[in-house]
Amino acid sequence: MSHIDTSAYLNRWRKKSLAEKLLLAFGMLLIAISVPSWQAALLVAALMIGATLFGARVAFPLWWKTMSVPIGFLFVGLLTLIFQVQPWSVSIAPHGLELAGRVGARAFAGLTCLLFLALTTPAADLVAGLRRIGVPAEIAEMTLLMYGFVFLLIDTAETMNSAQAARLGHINYRRRMKSLGLLIANLMPRVLTRARALEIGLAARGWHGELRVLSPVRGASPLGLGVILALEVVVLLIGLRMS
């Protein structure tokens, strides 16, 4: 999570309009999941990877580190489409490879779209955008608080893990498993204690249910919006032609 947040603030497209990035990400996502052609999904994936790595200048190791986890889940899910399990055998399902290819292409394209948005847009900007389009303030504030709670959870887990390692809790497999069990058992109570302390600190500073964060509004460029729409129309036409 920390490297995602760092990339969102330091990438080259950090100061681009939120409307342009949302139009690009969700427009391409809609094309990927609606056009029947799997080639169109791969085209969307290639364009979004290019926008992330070459447009926003996100480092490839960071992009791959973020993508590797959902790719693993996707791969496991595709295996369930390819193979069918019978009482005494495992075989390739009829049309399993074709179905897995179509689903995998669309899912991968969707991942690249959402990853582009996550690595180029800070959470504060997204929450500010939700407020501007009329989402109730309570929902927007809860979203921002939950996002901060994730970082609190990770920081507490890393601190506990480092303390276990310093006390030789990782010296062998048996002790590592025991340490992991203790970490899981004690993680949530400690996180809730820290969260309560943060709540008390906010209340002491006059917090009344609204977090004010610096998120300047940047107007969308008509040229930028036009280029994005034109690109999406071209991709849509190519996808429909391939179908």
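Bear in mind these aren't lab numbers, they're just calculated from the coordinates by the rules spelled out. Since we're looking at a predicted model, the values are computed, not measured. Backbone-built Cβ (ideal geometry, glycine too); neighbour counts: all protein chains shown.
Listed values, structure above:
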| item | result |
| --- | --- |
| 5 angstrom amide H check on Phe83, placed H, neighbours 5+ away | Ala93 |
| Summed side-chain charge close to Ser2 - residues other than Ser2 whose Cβ falls under 14 Å, Lys, Arg +1, Asp, Glu -1 | -2 |
| Net lengthening on full extension, Leu231/Ala195 (0.36 nm per residue, minus Cα-Cα) | 8.5 nm |
| Counting all C-alpha pairs of the chain, share separated by more than 32 Å (%) | 40 |
| Peptide ranges 82-93, 51-62, 161-172 listed from the most packed, as the mean C-beta count within 10 angstrom indicates | 51-62, 161-172, 82-93 |
| ³J(HN,Hα), Karplus 6.51/-1.76/1.60, whole Hz, each residue of segment 151-167, x for Gly, Pro | 5, 5, 4, 5, 4, 5, 5, 5, 5, 5, 5, 5, 5, 5, 5, 5, 9 |
| Cα centroid separation, segment 1-51 to segment 57-102 (Å) | 21 |
| Most fluctuating residue given options Trp13, Trp64, Trp38, as computed from a GNM of the chain linking Cα atoms under 10 Å | Trp64 |
